[in-house]
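S.K.: Provided herewith is a single structure, encoded as structure tokens, for subsequent inquiry.
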Amino acid sequence: MVGECQGKLHAAWDSCLVVKAVAADVTAAATDLMKSITPAKIGEWTHSDPVVWANESFAIAERAQTKYCVQGGSSCELPDPARVNIYAAYFQANTPIVREQLQKAAVRLAHMLDAALGK
């Protein structure tokens, strides 16, 4: 899997990291992700708005371990894609981030659907 993502940082975050974080069995993955969602996390994640969510994602992109962008003063510059190496340690460092983002997305979507459907 690591070889498939070499030099393709966006693809790594769209698919490779997700598959690595939750495996191929979607039902088992959902069950596993739900196990560690606490009521406190649900409260924290649902009492914010989409601007906060976007800023959370941008903060992840800015982290050094993500290598998605390189801080250049006050801006975040995209790295040279030819120099980006996706390796086992990269997956290991970022898998927990992917798992939490999937959990947040599930909780927030459920909350939005409940609100829209009057539940």
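The values are calculated or read from the model by the stated rules, or taken from the named source; none is laboratory data. Quantities reported herein were computed from a predicted structural model and do not represent experimental measurements. Glycine also receives a Cβ, built like all others from the backbone with ideal geometry; neighbour counts cover every protein chain displayed.
S.K.: All but one of (1) of a type in the set (Val, Ile, Thr); (2) modelled with pLDDT of 85 or more; (3) touching a Phe, Trp or Tyr at 6+ places or on another chain (Cβ under 7 Å) hold for Val2; which doesn't?
M.R.: It fails just one condition, (2).
S.K.: It is to be established whether one or more residues within the range 102-111 are part of a loop (DSSP other than H, G, I, E, B), surrounded by 15 or more Cβ atoms within 10 Å (Cβ to Cβ) and charged (D, E, K, R).
M.R.: No: zero hits.
S.K.: Another question, then. For the range 67-87, state whether one or more residues are surrounded by 13 or more Cβ atoms within 10 Å (Cβ to Cβ) and of a type in the set (Phe, Trp, Tyr).
M.R.: yes
S.K.: Report whether or not Ile42 is part of a helix (DSSP H, G or I), surrounded by 14 or more Cβ atoms within 10 Å (Cβ to Cβ) and either modelled with pLDDT of 85 or more or over 17 Å from the mean Cα position of the chain (by Cα) (or both).
M.R.: Spelling it out, Ile42 is indeed part of a helix (DSSP H, G or I), surrounded by 14 or more Cβ atoms within 10 Å (Cβ to Cβ) and either modelled with pLDDT of 85 or more or over 17 Å from the mean Cα position of the chain (by Cα) (or both).
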